[in-house]
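**Student:** Supplied in structure tokens, the structure appears directly below.
The values are calculated or read from the model by the stated rules, or taken from the named source; none is laboratory data. In this text, all values refer to a predicted model and were calculated from it rather than measured experimentally. All Cβ positions, even for glycine, are placed from backbone atoms using ideal geometry, and neighbour counts span all protein chains on display.
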């Protein structure tokens, strides 16, 4: 068996790559690396892991109340991110694994 050394990248389907890029850079704190010609994919640095935003036609999840177990979460500093999320009109939820960190669990598109 081969041992995994790290996560190379993960992708998130989004309906608006530009809006989602702004969310992940301005609110979550990722660093923009590149956007492909035509704007169908954006590459971001998420604390050393490559996050790829991939354009998909909406609705991405036709049943928002049922994500089917597929989701993502980021550990972020509590108070600073809470203020940034409130400023951006986003919701935040407490992480079930820590009282000092919060997880952003919703993307704008």
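**Student:** Would you mention how many residues in region 7-32 are at positive phi and free of Cβ contacts under 8 Å to residues at least 40 places away in the same chain?
**Tutor:** Residues in region 7-32 being at positive phi and free of Cβ contacts under 8 Å to residues at least 40 places away in the same chain: 0 in total.
**Student:** Given region 9-80, what strands (runs of 3 or more DSSP E) lie entirely inside it while holding 1 or more residues that are in contact with a helix residue (DSSP H, G or I) (Cβ under 9 Å, 6 or more places away or on another chain), surrounded by 14 or more Cβ atoms within 10 Å (Cβ to Cβ) and modelled with pLDDT under 75? Break it down stepwise before answering.
**Tutor:** On the way: elements: 9-14, 31-35, 41-46, 49-55, 74-77.
Per the criteria, 74-77.
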